[in-house]
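Taken together, the values in this text are just the output of simple stated rules run on the coordinates, not laboratory data. Computed from a prediction, not measured in an experiment: that's the story for all the values here. A quick note on method: Cβ atoms are made from the backbone with ideal geometry, for glycine too, and the neighbour counts reach across all protein chains shown.
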Amino acid sequence: MVHQSFYRDTWAEIDLNAIRDNVTAFTEHLHDETKVMAVVKANAYGHGAIEVAKAALEAGADRLAVALLDEAIHLRNAGITAPILVMGWVRPQDAPLAEKHDVALTIFQKDWLREASLTEVNQLNLHLKFDTGMSRLGLRDEEEAQELVALFKKYKQFHIEGVYTHFATADELDSSFFQIQQERFRQWLIWLADRGIEPKCCHVSNSAGATRLPNDSYQFVRLGISMYGLKPSAELNPPFDLKPAFSLHSRLVHVKELLPGDTISYGATYTVEEKEWIGTVPIGYGDGWIRRLAREGRVLINGEFAPIVGRICMDQCMVRLPGKVDVGTKVTLIGKQGSREITMDNIAEQLETINYEIPCTLTARIPRVYMKDKEEVAVNHQELNFL
Ligand code: PMH
């Protein structure tokens, strides 16, 4: 298939059925009262926020979470009406904008509430965040919590809709710190109840937490990485299959036979020893396919592994082919061909990082093609927004 709506032969395929099935698997795994808040920050971990949000909501997710107010407005502008929570810090002067777009914000500072109270807000939902051990965002000091609660009683335009915390080690086998955080959060809930605050949305778990604590009976889990079909860590094995949603493909744009002594790419670092068929793949570090991947990197062509040879360039890289192959042959960089597969985890291992980072750093220069029931249903080519 030659794609009609963009003119390069490199694309990411996002399988919306996989997103749906992963949300459904968690919904079945979780306590009946616990709903999924789909985490679609950073453009849905590089998958595309609007399409993923729609697929997750269709599959039964109840609401969405993002990191930035900008990301929430982006979803609203696309016509998404489900409740949205911004988990990051938003400028207090932007509180009216959050209200205008019916977006809930995260609060953990008394000064934030004072400053926001000076703006034109009539009714804004807030989720109170406690820092139980991540030391990133959240209230951790009882005195400040006390002052904040007093301010909430004064400023009636702000409503505590939710209370939450975030785990630092839910994906590790050693659960001691994980349990400490859970207990600290329970103590804060009791502390709030003693002051007459019993919000209707409590949420603590990320994917790892949701996998390990199906019966925590809080109202929501904030499901990120596993909704995309990836495991939060190698140790953590959910009792159901996760389906990876993201695959990355290209097509050979040039094929030639090189002779012993010929060298490949910048720096001429690779020397051909015997006659070799070499293909050029139109993806490079300008797409986030970074140079480090040349060390152990390989791709799939006609169901066979083909190693990357020579340095990865900005827009292209070269691979050693199993034999003569036609120009236009499909290349899979992440995903399956026949019985072989290159997983997101394989790429993350090569780069000594976590799977989360890979789809986030494959740039908007790579069009995202959305598949549902094996049919293409949408295309998102953010960088060259001419579609
Ligand atoms: N909740 C919060 C507050 C988060 O920051 C994240 C992910 C999630 C839920 C979802 O976690 P999951 O993807 O493991 O399910 N945040 C990040 C982060 O800041 N860096 O990597 C993941």
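Things to note:
- Computed from backbone phi with θ = phi - 60° and the Karplus coefficients 6.51, -1.76 and 1.60, the 3J(HN,Hα) list for the range 39-46 is 8, 10, 5, 6, 6, 6, 6, x Hz; x is used for glycine and proline.
- If the chain linking Lys200 and Ser217 were pulled fully straight, counting 0.36 nm for each residue of separation and taking away their Cα-Cα distance, it would gain 4.9 nm.
- For Ala67, the residues whose amide H sits under 5 Å from its own are Lys41, Ala42, Met87, ignoring neighbours fewer than 5 places away on the same chain, with H placed 1.01 Å from N.
- Vicinal HN-Hα couplings computed from phi for the range 165-173 (Karplus, 6.51 cos²θ - 1.76 cosθ + 1.60; Hz; Gly/Pro x): 8, 9, 7, 9, 9, 4, 8, 9, 5
- Restricting the trypsin sites (Lys or Arg not before Pro) of the range 68-151 to loop positions (DSSP other than H, G, I, E, B) with no more than 13 neighbouring Cβ atoms within 10 Å leaves Arg136.
- Normalised by 2.2 N^0.38 Å, where N is the number of residues, the C-alpha radius of gyration of the chain stands at 1.13.
- 3J(HN,Hα) along the range 138-151: x, 6, 9, 10, 5, 4, 5, 4, 4, 5, 5, 4, 4, 5 Hz, from the Karplus curve 6.51 cos²θ - 1.76 cosθ + 1.60 with θ = phi - 60°, whole Hz, x for Gly and Pro.
- Among the GluC sites (Glu not before Pro) in the range 105-153, those located in a DSSP loop and surrounded by at most 16 other Cβ atoms within 10 Å of their own Cβ are Glu120.
- Among His203, His381, the ranking by other beta carbons within 10 Å of each residue's beta carbon, starting with the fewest, stands as His381, His203.
- Proximal charge balance of Pro260 [Cβ under 13 Å; K/R count +1, D/E count -1]: -4
- Under 5 Å, built H, 5+ apart or other chain: amide partners of Val103: none
- Cα→Cβ-extended label distance, 7 Å offset, between Thr343 and Asn122, nm: 5.2
- Difference of contour (0.36 nm per residue) and Cα-Cα distance, Glu33 to Ala193: 55.6 nm
- Share, in percent, of DSSP beta bridges within the chain that are antiparallel, nearest 5: 55
- Modelled FRET efficiency - R0 45 Å, Gln157 with Phe240, Cβ distances, 0.05 increments: 0.55
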